[in-house]
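Student: Quick one: the structure is below, questions incoming.
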Amino acid sequence: MLISEGYFYHINDDFFSLVSEGTLMSNYENGGYRPHFLAIKDSTNADIFWMVPVSSRYSKFQSIYQKQVERYGRCTKIVLGKCDGKDAAFLIQNAFPTTSDYFDHIHTSQGKPLTLHTGTAKLIIENLNNNLRLHKRGIHLFFADIDRIYKLMTEHLESISSHDESDIKEEDAAEAITDTECQDKDTTPITESLTGILPQTVTLEEAKEENAKKLKE
């Protein structure tokens, strides 16, 4: 499966069961998986991806967006745009980190992976990066406990790495046992294995006796 920034993905239910975070958006909308926009790779850990959920409830979030603009002069928590040609809200306020093994499948349109308009994608990335920087300074603009989820994802990656290392050690041990068994089977002395093939060594006296017998015959 193609995994790259700028595409949409459907997240596996196992992720939501693991994090058990009530503030995350539902994984389903309109009877199907909710698409999530893969905005950026984490700046510290390239195996962690920041996902932005997409909502088709455009009017609801347009109203929230406008109120934010009226009050603060801008809104970095919501980006309004199009998803598959339809009005959609990209909810940076509901963003969360995850790993690629929790991607169920890539979101497609007419059988092709769906991408986002360059201008909209750029704005999402800028706002997400901005809000993450503010979060590190103690200004919380995300609904979910992204620090706890991030910790769960790093622990998840560590467990996968440990499991892979354990599998490699088991494979190495199995190969070592096989090599030992092969060596055990080949412990027959060379001289014993060649008996009947190489001529036997005889002394001078034995040769003389053998010749004498042949002369008598």
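The values are calculated or read from the model by the stated rules, or taken from the named source; none is laboratory data. Just so we're clear, the structure is a prediction, and the values are computed from it rather than from any experiment. Here the Cβ is made from the backbone with ideal geometry for all residues, glycine too, and neighbour counts use every protein chain on show. Each accessible area value is taken on the protein alone, full model and side chains, heavy atoms only, with ligands, DNA and RNA left out. Shrake-Rupley method; radii C 1.70, N 1.55, O 1.52, S 1.80 Å.
Student: Calculate the spin-label point distance for Asp84 paired with Ala46, positioning each point 7 Å from the Cα along the beta-carbon direction, and give it in nanometres.
Tutor: If labels sit at Ala46 and Asp84, their model points lie 3.2 nm apart.
Student: Mind grabbing the accessible area of Met1 for me, 1.4 Å probe, Å², rounded to tens?
Tutor: In the full protein context, Met1 sits at about 120 Å².
Student: Moving on. Apply the Karplus parameterisation 6.51 cos²θ - 1.76 cosθ + 1.60, with θ equal to phi minus 60°, to every residue of segment 82-90 and state each ³J(HN,Hα) to the nearest whole Hz, in sequence, with x for glycine and proline.
Tutor: Working through the residues one at a time gives 10, 10, 6, x, 10, 4, 8, 10, 9 Hz.
Student: Arg34's amide H: which non-local residues (gap 5+, or another chain) put their own amide H closer than 5 Å, with H modeled 1.01 Å from N in plane and none for Pro or chain starts?
Tutor: HN-HN under 5 Å from Arg34: Tyr28, Glu29.
Student: Please say if segment 47-89 is rounded, prolate or oblate, where rounded means a/c under 1.5 for a ≥ b ≥ c the square roots of the C-alpha gyration tensor eigenvalues, and otherwise the choice is prolate for a/b larger than b/c and oblate otherwise?
Tutor: Oblate.
Student: Residue by residue, what Karplus-based ³J(HN,Hα) values in Hz, rounded to whole numbers, does segment 130-144 have, using 6.51, -1.76 and 1.60 with θ = phi - 60° and x for Gly and Pro?
Tutor: 4, 5, 5, 5, 5, 4, 5, 8, x, 9, 8, 10, 10, 6, 7
Student: Okay, moving on. Would you grab the residues whose amide H sits under 5 Å from the one on Tyr7? Only those 5+ places off in sequence or on another chain, please, with H modelled 1.01 Å from N.
Tutor: So Tyr7 has HN proximity to Leu38.
Student: Next question, about the same structure. Would you mind checking which residues have amide H under 5 Å from Ala88's amide H? H placed 1.01 Å from N; only 5 or more apart, or other chain.
Tutor: Excluding prolines and chain starts, which carry no amide H, the hits are Gly81, Lys82, Cys83.
Student: Could you pull out which residues in segment 81-115 have an amide N less than 13 Å from a spot 7 Å beyond the Cα of Ser4, following the Cα-Cβ vector?
Tutor: 113-115
Student: On the full set of protein chains, 1.4 Å probe, figure out the accessible area of Arg133 and give it in Å² to the nearest 10.
Tutor: Estimated to the nearest 10 Å², Arg133 gives 140 Å².
Student: On to the next question. What pairs in Lys67/Lys151; Lys60/Lys86; Lys60/Lys112; Lys67/Lys136; Lys82/Lys151 have C-alpha atoms more than 22 Å from each other? Provide the component values of the computation, followed by the final result.
Tutor: Numbers: Lys67/Lys151 33 Å; Lys60/Lys86 15 Å; Lys60/Lys112 29 Å; Lys67/Lys136 25 Å; Lys82/Lys151 32 Å.
From the list (Lys67/Lys151; Lys60/Lys86; Lys60/Lys112; Lys67/Lys136; Lys82/Lys151), the Cα-Cα distance tops 22 Å for Lys67/Lys151; Lys60/Lys112; Lys67/Lys136; Lys82/Lys151.
Student: Tell me whether segment 52-115 comes out rounded, prolate or oblate; compute the Cα gyration tensor, take square roots of the eigenvalues as a ≥ b ≥ c, and use a/c under 1.5 as the rounded threshold.
Tutor: On the way: a/c = 3.34, a/b = 1.66, b/c = 2.02.
Here segment 52-115 falls in the oblate category.
Student: What shape does segment 71-153 have by the C-alpha gyration tensor, where a ≥ b ≥ c are the square roots of the eigenvalues, rounded means a/c under 1.5, and otherwise prolate means a/b greater than b/c and oblate the rest?
Tutor: oblate
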